[in-house]
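Before any comments, here is the structure.
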Number of protein chains: 2
Amino acid sequence: MSTTLKFTVLLLALGFCQGLQHNYDNYIEEEEGVEPVSQASKYGSLWPLPQKVQTSEVSLKLSGFSFKIVDAKGSSAGPSCSLLQNAYRRYYEYVFGGAKKQKPSKTWRTGPSELTELQVWITSPDSECDGFPSVTSDESYELSVKQPVAVLKAPKVWGALHGLETFSQLVYEDEYGAKSINSTAIIDFPRFAHRGILLDTSRHFLPIKVILANLETMAMNKFNVFHWHIVDDPSFPYLSRTFPQLSQQGSYHPYTHVYTPADVKMVIEFARLRGIRVIPEFDTPGHTQSWGKGQPDLLTPCYSGAEPSGSFGPVNPILNTTYEFMEQFFKEVSSVFPDAYVHLGGDEVDFNCWKSNPDIKKFMDQQGFGQDYSKLESFYIQKLLDIVTTTKKGYMIWQEVFDNGVKLKPDTVVHVWIGGGSNEEMGKVTAAGYTTILSAPWYLDYISYGQDWQRYYKVEPLNFNGTEAQKKLVIGGEACLWGEYVDGTNLTPRLWPRASAVAERLWSAKEVTDINDAFNRLSVHRCRMVERGIPAEPLFSSYCPREYKGV
Amino acid sequence: MSTTLKFTVLLLALGFCQGLQHNYDNYIEEEEGVEPVSQASKYGSLWPLPQKVQTSEVSLKLSGFSFKIVDAKGSSAGPSCSLLQNAYRRYYEYVFGGAKKQKPSKTWRTGPSELTELQVWITSPDSECDGFPSVTSDESYELSVKQPVAVLKAPKVWGALHGLETFSQLVYEDEYGAKSINSTAIIDFPRFAHRGILLDTSRHFLPIKVILANLETMAMNKFNVFHWHIVDDPSFPYLSRTFPQLSQQGSYHPYTHVYTPADVKMVIEFARLRGIRVIPEFDTPGHTQSWGKGQPDLLTPCYSGAEPSGSFGPVNPILNTTYEFMEQFFKEVSSVFPDAYVHLGGDEVDFNCWKSNPDIKKFMDQQGFGQDYSKLESFYIQKLLDIVTTTKKGYMIWQEVFDNGVKLKPDTVVHVWIGGGSNEEMGKVTAAGYTTILSAPWYLDYISYGQDWQRYYKVEPLNFNGTEAQKKLVIGGEACLWGEYVDGTNLTPRLWPRASAVAERLWSAKEVTDINDAFNRLSVHRCRMVERGIPAEPLFSSYCPREYKGV
């Protein structure tokens, strides 16, 4: 009766490999000819895999009573850098479980093979401690663990944050439960600069608590962009100071299902402290049903024959009031969200309503657009882009805007999402000289039975025909979890560890493709997320030494 | 970029329908030609739908300060029936949110349209308060709500439990937040006697907390059988008093990943208090890899050529020691689990190992089985059934045991699970005179994108060729959530509300098939589960007035 009719039981007695690995058995299924073999990876539980790792079998102990994470003497970030101080506390708690450590009764002395300190050394004169991460941020770091101190060197705080996560992933418990770490040297930097997760707070409202938990988990996976698809057709939870009616009328509930300015600020700061950019998306002219409730005349009235039908289509592109609204609205957005980019959407515009409307038809004639409504769409988008440009923001747009030939600023990021032909699209976009990010193979809202993380893992973003210069224009990708079927009840386990596969693809070297090794590391990484309180779902039959404590 | 390219926005202003319904909008997608229309059901949020419901628009208020659930005067179950007392508290808390109610400052008086009491009246001389539910338990009840008191009549406590759940589902909040209920008359009983959920605690260990939360949710959906697939190949978490080595060696961890006798007792009592039977499954002779670790010589040694390969196959059917072990083991099982039935498995026996073993070959020759290893399988099962029969238990078995022509007791329940041909199988099993339950269309571990609950809902268990007498042998069905891909992190949202679709199919009248009405009731029912602390996942874009508070 079990679902796995052909069930290959691989019970390997696992050797204790380099001390970096929890020890347990996994049952692996055959899938697509892949048979991951369950054993300890020589890279322990590191995820995503750093660019260069040198490990040794020299094991050092860490005492929760005395171990310190400190600013190195020459560091440009001192005790006043609360971003780092905050991170030290966070990683101390992850490593030592946050338990209060009793002072030993005898005078405490450093043992012969003990690691007493991690020194964090920001090497560049400007640590960027109080700044925001950006697409050009230096995220590199070097980590040297050897007795008696470990040193984490990074030009900027962003690299230091990643290095702290890596350090915490190196710590393991020996057979007596003592915290240990092996002498290790790591040089690390991301392969791609833009490594994002899209969450959709319109189809279902996500409580702030859920968003923060996922930002925390993103940091564990070295993601650095939270693409906040904040509004869409179903609801408008963004509380705008300039246009409060938008959420007052357009949210599921104007008090319990909105993000207040304070909420948004908290999300942005929580993300910044973890090296994560927050890029909001305000998608127009389609996907705007919820906007129309609080902003009369913003949407196009659809007609049934000669009469308005009572329903509405995309944003009305022929009224001056539309652009006046957009100008004020995006002025607010540009000041609320500090990131240099805003995502303007521009996808899936349905022309039927525009076609039904006599005023639109007249306008099309006046402009000489004929029957080509994509010209009208481009007309709108062009004006919107000009408005946003005056706010000094760069913009990201979904691929249709590029496909329709809209004139884009050179620093525009084109977001490729349409499955089937995404390689060709990447070729076209980069041939035209635009930077691009890939999401088409990483729509994590699509679920299926089995280990689909392997499919995400096997994607190679540069696998398209193009010159070296074109490949350089691919700045990364995003895993998208659209909200039709997820809310606070199931989002987190559905996202993790499936998104972790995307994380490694975007961070690690191109050559890191061993699916067996990935399975072994990811299995332990998922248990680490569970131990840190994140309900990351299992890869396959297995167990975690400390199972999830929630329900 | 959203995944729903053709997105039909149905924003219906919902009328307040009979006061039974929370008020909210839902976005419905087109699927398989079905377009559920979002509006209030005339049956409010009742789930599963009772057999007969008469509602009125007369609304009565309930005061958390004074409302009482009491034993009716003539009831055969008094204050000493802790099952009912426990249920009164549970449902009081569900209805009134468990908040402490302040005594009104003025002398409190009953208002003109108030419901002050629910009287629970067990009408049969034996209430079965201290007994266990069984397949023949009377689960019927009648509920009459009218001013000033509601009366819940049931022959046995089992019906009363269902009636209390129904009562709690009738209570709603009016626009001022006041608890209200409409005058209603309900006559209710289940269509099928066996309505089960299978959980698998071998592929992943499920903490007791997770099991209890799901028993609680089963009660909210009127499920009455917890099929506990407690052990299997990957691990043996059942701590046997007679053979403690089984879990000592065969569990993922002998302390943190086992069910102690006290745990099992707690699960059984928690279930009993909710009218739920606990049927354990100890599946043999296949699916027993984990048994072999703590019980030497139980499994068949596989051979590679002339030498044992070191791996093991199914239970060894040719040794007397095997049957001596089974006798002792099932004697223990029969005393630990009070239910009249035990599930003996018997599925998916792989013959390769038996074929490789020279002793087995010799035995086959001696018995005259030729090359037909299913005869050997039947030989084993026959002996096992005889052993279990001496423990005075009935048994359930997976369909292969029937298919292989094993001689079964007349009261055997044959469990149909193989997809494709399950209708034919139901026909065959019932034609042979055996009772049967259906699981084939309800393997909830198989996931897919979209509203798959509709597929489960549309199943008609009696949709096979057979006489009326045959149809009567179908005693129910089970939704199965095999454990390869679920553990405590994701089990609950993956199970609910998808299993709720099965619950209604097995409880409500055959004619209850309106998918729109089901969508509307189930949407509210799912929010009720969320409000009760269960992370039941959403059906589609929507919101709950009170979203899930966990992460």
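The values are calculated or read from the model by the stated rules, or taken from the named source; none is laboratory data. All values reported here derive from a predicted model rather than from experimental measurement. Cβ placement follows ideal geometry from the backbone for every residue including glycine, while neighbour counts extend to all protein chains displayed.
For the range A:311-370, the set of residues classified as part of a loop (DSSP other than H, G, I, E, B) and within 14 Å of chain B (Cβ to nearest Cβ) consists of A:L344, A:G345, A:G346, A:D347, A:E348, A:V349, A:D350, A:F351, listed by residue number.
Scanning the range B:203-225 for residues that are farther than 19 Å from B:N490 by Cβ and of a type in the set (A, V, I, L, M, F, W, C) yields B:A219, B:M220, B:F223, B:V225. Residues that are surrounded by fewer than 23 Cβ atoms within 10 Å (Cβ to Cβ), under 26 Å from B:Y548 (Cα atoms) and more than 9 Å from chain B (Cβ to nearest Cβ) within the range A:512-551 comprise A:R528, A:E531, A:R532, listed in sequence order. If you go through the range B:362-375 and keep only what is within 42 Å of the chain's Cα centre (by Cα) and under 14 Å from B:P317 (Cα atoms), you end up with B:F363, B:M364, B:Q367, B:F369, B:Y373, B:S374, B:K375. Among residues that are surrounded by 14 or more Cβ atoms within 10 Å (Cβ to Cβ), within 13 Å of another protein chain (Cβ to nearest Cβ) and touching a Leu at 6+ places or on another chain (Cβ under 8 Å), B:V401 is included. Only a single item in (1) farther than 26 Å from B:S541 by Cβ; (2) modelled with pLDDT of 95 or more; (3) out of contact with any Pro (no Cβ under 7 Å at 6 or more places or on another chain) is not met by A:W417, and it is number (1).
Taking the range A:503-551 as the range and being among the aromatic types (F, W, Y) and in a helix (DSSP H, G or I) as the test, the residues that pass are A:W507, A:F519.
Of all residues in the range B:195-224, those that are within 14 Å of chain A (Cβ to nearest Cβ) and basic (K, R) total 2. Within the range B:371-384, the set of residues being charged (D, E, K, R) and outside any loop (DSSP other than H, G, I, E, B) comprises B:K375, B:E377, B:K383. Please note which strands (runs of 3 or more DSSP E) are completely contained in the range A:51-147 and include at least 2 residues that are at pLDDT below 95. Counting at least 2 such residues, we get A:52-61.
Would you confirm, using the coordinates I've provided, whether A:K458 is surrounded by fewer than 18 Cβ atoms within 10 Å (Cβ to Cβ), under 21 Å from A:I381 (Cβ atoms) and more than 10 Å from chain B (Cβ to nearest Cβ)? Taking the combined requirement at face value, the residue does not satisfy it. Is it true that A:W453 is touching a residue at least 60 places away in the same chain (Cβ under 8 Å) and either among the polar types (S, T, N, Q) or farther than 30 Å from B:D452 by Cβ (or both)? In short, no. Taken over the range B:471-511, the criterion of being more than 17 Å from B:E216 (Cα to Cα), more than 13 Å from chain A (Cβ to nearest Cβ) and among the charged types (D, E, K, R) is satisfied by B:K471, B:K472, B:R505, B:K510, B:E511.
Within the range A:176-194, one or more residues are away from chain B (no Cβ under 14 Å), without any contact (Cβ under 8 Å) to a residue 60 or more places away in the chain and either within 12 Å of the chain's Cα centre (by Cα) or part of a loop (DSSP other than H, G, I, E, B) (or both).
Of all residues in the range A:148-167, those that are closer than 15 Å to A:N182 by Cα have Cβ atoms under 9 Å from Cβ atoms of residues that are of a type in the set (K, R), 6 or more apart or on another chain, in A:T166/A:K222. Within the range A:264-293, the only residue that satisfies the criterion of being buried (at least 23 other Cβ atoms within 10 Å of the Cβ), among the acidic types (D, E) and either touching a His at 6+ places or on another chain (Cβ under 7 Å) or farther than 30 Å from A:D350 by Cβ (or both) is A:E281. Does any residue in the range A:518-539 that is under 18 Å from B:P207 (Cα atoms) come within less than 6 Å, Cβ to Cβ, of a residue that is assigned to a helix (DSSP H, G or I) and of a type outside the set (S, T, Y) six or more places away or on a different chain, and which pairs are these? Within 6 Å, the pairs are A:P535/A:P493; A:A536/A:R526; A:A536/A:M529; A:A536/A:V530; A:E537/A:P493.
Condition check for B:L46 on (1) at pLDDT 95 or above; (2) surrounded by fewer than 18 Cβ atoms within 10 Å (Cβ to Cβ); (3) in a loop (DSSP other than H, G, I, E, B): one failure, at (2).
If you go through the range B:250-263 and keep only what is within 13 Å of chain A (Cβ to nearest Cβ) and crowded, with 19+ Cβ neighbours inside 10 Å, you end up with B:G250, B:S251, B:Y252, B:H257, B:V258.
Considering B:V401, B:V414, the condition of being under 22 Å from B:P280 (Cα atoms) and part of a helix (DSSP H, G or I) is satisfied by B:V401 alone. State yes or no: is A:T166 part of a helix (DSSP H, G or I), in contact with a Phe, Trp or Tyr (Cβ under 7 Å, 6 or more places away or on another chain), polar (S, T, N, Q) and crowded, with 20+ Cβ neighbours inside 10 Å? Taking the combined requirement at face value, the residue does not satisfy it. Across the range A:494-530, the qualifying residues are those that are in contact with a helix residue (DSSP H, G or I) (Cβ under 9 Å, 6 or more places away or on another chain) and small (G, A, S), and the one among them that is farthest from A:Y443 (Cα to Cα) is A:A518. Among the listed residues A:G466, A:G483, which satisfies the condition of being in a loop (DSSP other than H, G, I, E, B), modelled with pLDDT of 95 or more and farther than 30 Å from A:F205 by Cβ? Checking each option against the conditions leaves just A:G466.
Checking each residue in the range B:245-284 for being assigned to a loop (DSSP other than H, G, I, E, B) and touching a Gly at 6+ places or on another chain (Cβ under 8 Å) picks out B:F282, B:D283, B:T284. Being among the aliphatic types (A, V, I, L, M), more than 14 Å from every other protein chain (Cβ to nearest Cβ) and not in a helix (DSSP H, G or I), is that true of even one residue in the range A:225-234? Checking the range A:225-234: at least one residue is among the aliphatic types (A, V, I, L, M), more than 14 Å from every other protein chain (Cβ to nearest Cβ) and not in a helix (DSSP H, G or I).
Residues in the range B:421-453 that are among the hydrophobic types (A, V, I, L, M, F, W, C), closer than 30 Å to A:Y485 by Cα and crowded, with 20+ Cβ neighbours inside 10 Å: 5 in all. Among the residues of the range B:422-456, those identified as out of contact with any Cys (no Cβ under 9 Å at 6 or more places or on another chain), assigned to a loop (DSSP other than H, G, I, E, B) and under 18 Å from B:L473 (Cα atoms) are B:A432, B:G433, B:Y434. What tally of residues in the range B:235-249 results from selecting those that are within 14 Å of chain A (Cβ to nearest Cβ) and more than 16 Å from B:F330 (Cβ to Cβ)? Residues that pass the stated criteria total 4. Selection of the range A:352-372 for residues being without any contact (Cβ under 8 Å) to a residue 24 or more places away in the chain and either hydrophobic (A, V, I, L, M, F, W, C) or touching a helix residue (DSSP H, G or I) at 6+ places or on another chain (Cβ under 6 Å) (or both) yields A:M364, A:F369. Hey, does the range A:141-157 have a residue that's crowded, with 21+ Cβ neighbours inside 10 Å and over 26 Å from the mean Cα position of the chain (by Cα)? Yes, the range A:141-157 has at least one match.
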